[in-house]
1. State all residues of the range 150-176 that are modelled with pLDDT of 80 or more and not in a helix (DSSP H, G or I); if no residue qualifies, say none.
2. Can you spot a residue in the range 232-254 that is touching a helix residue (DSSP H, G or I) at 6+ places or on another chain (Cβ under 7 Å) and farther than 25 Å from residue 442 by Cα?
3. Based on what the data block shows, is residue 336 modelled with pLDDT of 95 or more and closer than 30 Å to residue 242 by Cα?
4. Which condition breaks for residue 197 when tested against (1) touching a residue at least 24 places away in the same chain (Cβ under 8 Å); (2) assigned by TED's automatic domain parsing to the domain that holds residue 145?
5. If we scan the range 316-332, do we find a residue that is in contact with a helix residue (DSSP H, G or I) (Cβ under 7 Å, 6 or more places away or on another chain) and surrounded by fewer than 22 Cβ atoms within 10 Å (Cβ to Cβ)?
6. Do we have residue 98 as at pLDDT below 70 and either in contact with a strand residue (DSSP E or B) (Cβ under 7 Å, 6 or more places away or on another chain) or closer than 18 Å to residue 39 by Cβ (or both) here?
7. Consider residue 439 carefully, then state whether it is touching a helix residue (DSSP H, G or I) at 6+ places or on another chain (Cβ under 8 Å), modelled with pLDDT of 90 or more and more than 19 Å from residue 222 (Cβ to Cβ).
8. Among the residues in the range 127-143, are any surrounded by 21 or more Cβ atoms within 10 Å (Cβ to Cβ) and at pLDDT 80 or above?
């Protein structure tokens, strides 16, 4: 990855703390945590269930392909739409997003949660590339584009800004080329030019009145003792299926001392092993990790994704079961750039009314006499996982550093975790269980879907 500082591996000088994570311990810790309240916890729980449903539907195929998505970004903008919906549309949005609380509780939950994420609002006039040496960046940006024919209600604008930290922009959709260029420019500027040409003029037509765009940027540097040595990365086989094997760049991490030990669990119900890799501590965002789910040899990533959805697995339950292990980890480098046109997916999850003029019931959004309805929902995600860390795609700045120096209790188990077949992954906030990204890698040599 061009933006990674090659010397970043040597930036840290600290040990693991008593729970084996790479967290810092300072008087600023409370600022690093996501907000916690009954409302916030309910929003995070709902997001987790939505995440499971979403990945299950997106990967519904045989065989499944590489994919990555951010349920958090999508659920945020759909929940904002819910505040302007009535009747069947409001009901479908609530059921799809698993939001059973009343409107005030939902709004307050998002206000607290997004307020803690957006502790520093990104200045888009500043290039993200100027932040490239930061250890940890999370940028979460949601934007709703509407045609200039539609005047938004002041109450909707107030909800968008106050509760959802969202931006709304009007464009002249009668000029599709200029509209597409404007949206694509914003996306490119928000992702350090990792995502370009997201929207083309073919995506904008005379009937288009609203486009929802979710852009995600994530850069996380592994904690010092979870950083892979580039000298150990070797070509090794990756078994895409029983009939196909490819040679891939396989990273290695050896738990040869307590500092390099990882959290691990095996789940018999899901038929999977799970390893946790920690990122540097985000000073204003709490603890973040990548969870790698490797299906047992007698199972598959297809079965795993369906089981996670079927049994309503939440991240907090997985994290709670993990224990320190002496893990020898083999994991492939992988990079993906995926574009999701999400209306078909959301229809499979039961969301239909907002996509039709005659049933949209989004009357609490605009003042126009014509019904407002959604014509496109786009999410494009870039992710790059390598020896130094992970780069993905979104809007907010965080700085971080690792650990303290308390020696832990020796692990009770030793595991060789060889990720040499299709696997599932998540990027999560450990303290809250919030899922930022979720995906499946079936072929590390490919950057997109098959």
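The values are calculated or read from the model by the stated rules, or taken from the named source; none is laboratory data. Note that the structure is predicted; figures quoted are calculated from it, not measured. Every residue, glycine among them, receives a Cβ derived from its backbone with ideal geometry; neighbour counts consider all protein chains shown.
1. 151, 152, 153, 167, 168, 169, 170, 171, 172, 173, 174, 175
2. no
3. no
4. Among (1) touching a residue at least 24 places away in the same chain (Cβ under 8 Å); (2) assigned by TED's automatic domain parsing to the domain that holds residue 145, the lone unmet condition for residue 197 is (1).
5. No, the range 316-332 has no match at all.
6. Considered against the rule, which asks whether it is at pLDDT below 70 and either in contact with a strand residue (DSSP E or B) (Cβ under 7 Å, 6 or more places away or on another chain) or closer than 18 Å to residue 39 by Cβ (or both), residue 98 comes out as no.
7. Spelling it out, it is not the case that residue 439 is touching a helix residue (DSSP H, G or I) at 6+ places or on another chain (Cβ under 8 Å), modelled with pLDDT of 90 or more and more than 19 Å from residue 222 (Cβ to Cβ).
8. No, every residue in the range 127-143 fails to be surrounded by 21 or more Cβ atoms within 10 Å (Cβ to Cβ) and at pLDDT 80 or above.
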